Amino acid sequence: MLRALCLSLAGVLSGTVAPAQSINDAVTSFTLENGMDVVVIEDHRAPVVQHMVWYRAGSADEPKGSSGVAHFLEHLLFKATDTMKAGELSATVAENGGTDNAFTSYDYTAYFQRVASDRLDLMMKMEADRMRNVRLTERDIVTERRVIIEERNQRVENNPRALFSEQMNATLYLNHRYGVPIIGWMHEMETLDMEDALSFYRTYYAPNNAILVVSGDVTPDAVREMAERHYGVIPANPDLPPRLRTEEPPHRAARRLTFADPRIAQPYVSRSYIAPERDAGDQDKAAALVLLAEVLGGGTTSFLTEKLQFDDQKAVYTGAFYGSVSLDDTSFDLVIVPAPGVSLEEAEASLDAALAEFIETGVDPEQLQRIRTQLKASQIYLRDNVDAVARQYGRALTSGLTIADVQAWPELLQSVTEEDIVEAARAVLRPEHSVTGYLMQAEAISQ
């Protein structure tokens, strides 16, 4: 759904945000004069720092006909700049005992280095350089285009489960760019050129479209001084477009697909429902869906596992998944792998019957309490990883959430009731919101 999430985070990210509860981190934030948001998460237990730059631009922001250009550009940013040779940034990080990489998603692209804290200034210097000073050649374009095409061949074309998932996603989204694969469609990837890459770069790679997240053994004052010196001198892009997305229309009909491939050894049924995401100041429904996924298919004691694997013996595996962090509508997904001798049709019927029974009987209070305890523990363990905590904030902020939302989230999860979970199930697990897919061996399609 189209929301007013393209508004600047400057107002939200000004000042210091106090932790909402004991398992939250102390977070400081500020905005540079050129519009770049900065978030500092202090953890002085080890002399390590994670430096990340997140751009509010991912594959869902690509122009039509240029699918894959966001990921393509991510690769190209490891080429030469005004002051660095191709590959020099990563080599410098390695020479200083650190690690670096980058990743692209639907709603963001992020670049990071994890190094000793006394190397942070060097990391900022190099990252700021490639924010606006990348220098590409036609050879770079040809070389990296081959790389991403080969990446698609290895990860998608040679993986029938990945191809099936891609088709499921494209069928779920009727009008939104989330239905286009992040890596891109092959026929469009093959035509990506210099102008495609530079146009995306010039439009979105600017400080007023970026969030700097630094976690670890740092102080806010030191980060501010370095950020102003390296990033603060980069001009904002005055022509940065508003972050507008095509909106999903109402989903009024259940959809189905069958994907057959001779490489499939284990057929299964997959079901995806369109579902609401976490929104700024309005995360209650998403919190209930997180708990619903855990209750239904989060482990060996989940409802679907006990019902379909142990009691009815219709499945050898069941799972439920929900991606809560998303700028626009996300999905709630179910999987059932049938037991030997059980057809896909029978497995699907058993899944539907189990879901109906769950909505009728409700949530086991003891199971819910165990899940709450596990979720609380996972939030505490998260604090021990400078990478994980930096990604938690970066993903949230580039997806329209605020620091306050991130820090309120653990308590919201704890406050979800049995009634909230059943209500979420009734609202989302509706046939007209769904796509059901059969993944099977090629020869089974005619049976």
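The values are calculated or read from the model by the stated rules, or taken from the named source; none is laboratory data. The structure displayed is predicted, hence computed values, not measured ones. In this analysis, Cβ positions are derived from the backbone assuming ideal geometry, glycine residues included, and neighbour counts consider all displayed protein chains. Accessible surface areas use protein heavy atoms only, side chains included; no ligands, DNA or RNA. Shrake-Rupley method; radii C 1.70, N 1.55, O 1.52, S 1.80 Å.
Pairs please, first residue from the stretch 100-119 and hydroxyl-bearing (Ser, Thr, Tyr) and in a helix (DSSP H, G or I), second anywhere and open to solvent by less than 30 Å² (accessible area, probe 1.4 Å) and modelled with pLDDT of 95 or more, Cβ atoms under 7 Å, 6+ apart in sequence or on different chains.
The qualifying pairs are 117/49; 117/216; 117/218.
Tell me, please, whether a residue that is of a type in the set (Lys, Arg), under 26 Å from the mean Cα position of the chain (by Cα) and either under 22 Å from residue 405 (Cα atoms) or surrounded by fewer than 20 Cβ atoms within 10 Å (Cβ to Cβ) (or both) can be found in the stretch 274-283.
yes
Among the candidates 215, 199, which residue alone is part of a helix (DSSP H, G or I) and among the polar types (S, T, N, Q)?
After applying the criteria, what remains is 199.
Return the pairs, sorted by first residue and then second, in which the second residue is of a type in the set (S, T, N, Q), the first residue lies in the stretch 275-292 and is modelled with pLDDT of 95 or more, the beta carbons are less than 6 Å apart, and the residues are 6+ apart or on different chains.
Within 6 Å, the pairs are 275/330; 275/331; 277/326; 277/330; 278/324; 280/402; 286/324; 290/324.
This table checks each residue for (1) open to solvent by less than 10 Å² (accessible area, probe 1.4 Å); (2) farther than 20 Å from residue 244 by Cβ; (3) over 27 Å from the mean Cα position of the chain (by Cα).
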{"position": "56", "(1), (2), (3)": "no, no, no"}
{"position": "60", "(1), (2), (3)": "yes, no, no"}
{"position": "66", "(1), (2), (3)": "no, no, no"}
{"position": "70", "(1), (2), (3)": "yes, no, no"}
{"position": "78", "(1), (2), (3)": "no, yes, no"}
{"position": "82", "(1), (2), (3)": "no, yes, yes"}
{"position": "86", "(1), (2), (3)": "no, yes, yes"}
{"position": "90", "(1), (2), (3)": "no, yes, no"}
{"position": "96", "(1), (2), (3)": "no, yes, yes"}
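Please work out if residue 387 is within 20 Å of residue 105 (Cβ to Cβ), among the charged types (D, E, K, R), open to solvent by less than 40 Å² (accessible area, probe 1.4 Å) and touching an Asp or Glu at 6+ places or on another chain (Cβ under 7 Å).
Spelling it out, it is not the case that residue 387 is within 20 Å of residue 105 (Cβ to Cβ), among the charged types (D, E, K, R), open to solvent by less than 40 Å² (accessible area, probe 1.4 Å) and touching an Asp or Glu at 6+ places or on another chain (Cβ under 7 Å).
Which is touching a residue at least 24 places away in the same chain (Cβ under 8 Å) and either open to solvent by 10 Å² or more (accessible area, probe 1.4 Å) or among the aromatic types (Phe, Trp, Tyr) (or both), of 131, 126, 52? Before the answer, list the steps.
Values: 131 fails: either open to solvent by 10 Å² or more (accessible area, probe 1.4 Å) or among the aromatic types (Phe, Trp, Tyr) (or both); 52 fails: either open to solvent by 10 Å² or more (accessible area, probe 1.4 Å) or among the aromatic types (Phe, Trp, Tyr) (or both).
Going through 131, 126, 52 in turn, just one is touching a residue at least 24 places away in the same chain (Cβ under 8 Å) and either open to solvent by 10 Å² or more (accessible area, probe 1.4 Å) or among the aromatic types (Phe, Trp, Tyr) (or both): 126.
Of the residues that sit in the stretch 225-259 and are touching a residue at least 60 places away in the same chain (Cβ under 8 Å) and touching a Ser or Thr at 6+ places or on another chain (Cβ under 9 Å), which one is most open to solvent (accessible area, probe 1.4 Å)?
That would be 256.
Would you pick out the residues in the stretch 409-442 that are in a strand (DSSP E or B) and either of a type in the set (Gly, Ala, Ser) or closer than 22 Å to residue 173 by Cβ (or both)?
Residues satisfying the conditions are 434, 435, 436, 437, 438, 439.
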